[in-house]
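Some notes on the structure that comes next.
Every read-out reported here was derived from the displayed coordinates using simple, explicitly stated rules and does not represent laboratory data. Predicted model, so just to flag it, every value in this text is computed and none were measured. Because the Cβ atoms are built from the backbone with ideal geometry, glycine has one as well, and the counts that use them run over all protein chains shown.
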Amino acid sequence: MKLNTTQRKKFRVSGKLKKFASKDRFRLSISRSSKNIFAQIIDDSNNRTLLSASSIEKDIKSGSKVNKTELSKIVATKLAKKALEKKITKIFFDRGIYKYHGRIKVFAETLRENGMEF
């Protein structure tokens, strides 16, 4: 099966993380659209999603209008709070097909400020 460019990028980044994945760390997968951002913490050994947060949730969307980078900060703080409640502090950051720039970078830095290690 021939893969297109975005699929190759995604498998290249995720594949490297899965090779070094251990039992004590989970994978944080992130995806974004032109208006929203989505993130989930995944346990690859059991193939389960442990936590998720997105900008389309009612409590985030009902707030006042903010720009996309501020929205990334809000989603990151919410995900970090959920993770700390479940005692998850160490993760692998799977940026997928996106460059570590802009909203993705702001998301990662906000997670680090709120106690996540990667």
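How much net charge surrounds SER33 when only other residues with a Cβ under 13 Å from its Cβ are counted (Lys, Arg +1; Asp, Glu -1)?
So the surrounding residues net to +4.
For the stretch 18-113, dividing the convex hull volume of the Cα atoms by the residue count gives 102 Å³ per residue. Placing unit charges on the Cβ atoms of the charged side chains and taking the dipole of the chain about its Cα centre, the candidate lying farthest along the positive direction among SER34, GLY115, ILE88 is SER34.
A DSSP coil position with no more than 14 other Cβ atoms inside 10 Å describes the following trypsin sites (Lys or Arg not before Pro) in the stretch 1-79: LYS2, LYS23, LYS35, LYS65. A simple charge model with +1 on the Cβ of Lys and Arg, -1 on the Cβ of Asp and Glu and nothing else charged puts the dipole of the stretch 18-113 at about 160 debye relative to its Cα centre.
For HIS101 and LYS86, compute 0.36 nm times the residue count separating them, minus their Cα-Cα distance, and round to one decimal in nm. If you can, show how the numbers build up before the last one.
Numbers: separation 15, 0.36 × 15 = 5.40 nm, distance 2.84 nm.
Taking HIS101 through LYS86 to full extension adds about 2.6 nm, to one decimal.
Per residue, the average separation of C-alpha pairs within less than 8 Å and at least 6 apart gives the chain a relative contact order of 29 percent.
Step through the table entries LYS2/LYS82; LYS18/LYS68; LYS61/LYS105; LYS18/LYS78; LYS18/LYS81, compare each Cα-Cα distance with 32 Å, and write down the pairs that go over it.
Working: LYS2/LYS82 38 Å; LYS18/LYS68 29 Å; LYS61/LYS105 21 Å; LYS18/LYS78 25 Å; LYS18/LYS81 25 Å.
Among LYS2/LYS82; LYS18/LYS68; LYS61/LYS105; LYS18/LYS78; LYS18/LYS81, the Cα-Cα distance tops 32 Å for LYS2/LYS82.
Pairs of C-alpha atoms in the stretch 30-77 farther apart than 12 Å represent 62 percent of all such pairs.
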